[in-house]
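S.K.: Please find one structure pasted underneath; my questions will follow.
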Amino acid sequence: MKKGFMKHAATILVPEFPGETSLWYAKAFLNEAGEDGSDSKTKEQSLANTLNKQVKEGRERRIWRKKLNDAKYHYFPVSISPTSESDEETVVQLSLSAQELKDIDNLVDVGKFNTRSNAIRWLLTEGIKANRTYLDKVADTISQIEQLKKEVVT
């Protein structure tokens, strides 16, 4: 089995693909290494256990983990800190156009952010701030609709 899983996970896999499970990172590492064999499930689980243990015991300080709604631990680089005031984080998947991805990569390339995820989070946060008035109106409208539904039912 190829060596260097923890270094590769901490410096490449987790920063490039934040929010995945330890088993996902183990499979990705073995796939990149061209590892394929009858005992691949054992290798995957062994590497996943190593990642979990190293992060849990604080020996790998470049990564933190959080148990999400699927009751599994998901791993993040320390450069991505929780931004919400609540203890709950949600990982989302989205599709981007080629131009949007290029714009995000440009922010990373010039050093404003160290990962695509951080750049996307910043753009999303700034977009929400810029549209706060509109989003508040939407929330008020939804609240009015819910109130009207309650009145009709009772």
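The values are calculated or read from the model by the stated rules, or taken from the named source; none is laboratory data. Please read all numbers here as calculations on a predicted model, not as lab measurements. Positions of Cβ are backbone-derived with ideal geometry, glycine not excepted, and every protein chain shown enters the neighbour counts.
S.K.: Restricting attention to segment 111-131, does a residue exist that is more than 22 Å from the chain's Cα centre (by Cα) and at negative phi? Give the derivation first.
M.R.: From segment 111-131, those more than 22 Å from the chain's Cα centre (by Cα) are 130-131; that's our starting set.
Filter once more, keeping what is at negative phi: 130-131.
Yes, segment 111-131 contains at least one residue that is more than 22 Å from the chain's Cα centre (by Cα) and at negative phi.
S.K.: Filter segment 93-148 down to residues that are in a helix (DSSP H, G or I) and among the small types (G, A, S) and give me whichever is farthest from V14 (Cα to Cα).
M.R.: S143
S.K.: For segment 1-34, give me the residue count where each residue is within 18 Å of L94 (Cα to Cα) and free of Cβ contacts under 8 Å to residues at least 12 places away in the same chain.
M.R.: Result for segment 1-34: 1.
S.K.: Could you list all residues from segment 23-39 that are surrounded by fewer than 16 Cβ atoms within 10 Å (Cβ to Cβ) and at pLDDT 85 or above?
M.R.: Within segment 23-39, N31, E32 qualify.
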